[in-house]
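Here is the structure we will look at.
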Amino acid sequence: MATATDVMQFRLRNEEKERIKRGADLTGVPASKFVLRAALKEADHAEADQAYFALNGKQFDAFMAALNAEPTPNEALNKLLHTAAPWE
């Protein structure tokens, strides 16, 4: 594994720093690793939100049909639909 050599710096309020430290302590990783993981996850989400793919008319129709089709009942889907979200 390559050694990290680049440095990023940013300013934050003391309350934010303490909150990050608590999160890092709860997960058992250093604060710098905790922040890096969170930043990379957010970057992945931002890039995924910008994903673009082109479809011709036939592909678009097939794609829309798949999106609009009723899902086939299965145990994983049933569990997902009957599990409360963590924030609820």
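The values are calculated or read from the model by the stated rules, or taken from the named source; none is laboratory data. Computed from a prediction, not measured in an experiment: that's the story for all the values here. Cβ atoms come from the backbone with ideal geometry, glycine included; neighbour counts cover every protein chain shown.
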Subject >> Test: residue in segment 18-31 that is touching a Phe, Trp or Tyr at 6+ places or on another chain (Cβ under 7 Å), β-branched (Val, Ile, Thr) and in a helix (DSSP H, G or I) >> reply: yes
**OP:** Please state which one of His82, His45 is without any contact (Cβ under 8 Å) to a residue 40 or more places away in the chain and within 24 Å of Met8 (Cα to Cα).
**Re:** His45
Original post:
Quick check: is even one residue across segment 42-55 of a type in the set (Asp, Glu), on the phi < 0 side of the Ramachandran plot, exposed (fewer than 11 other Cβ atoms within 10 Å of the Cβ) and at pLDDT 95 or above?
Top reply: yes
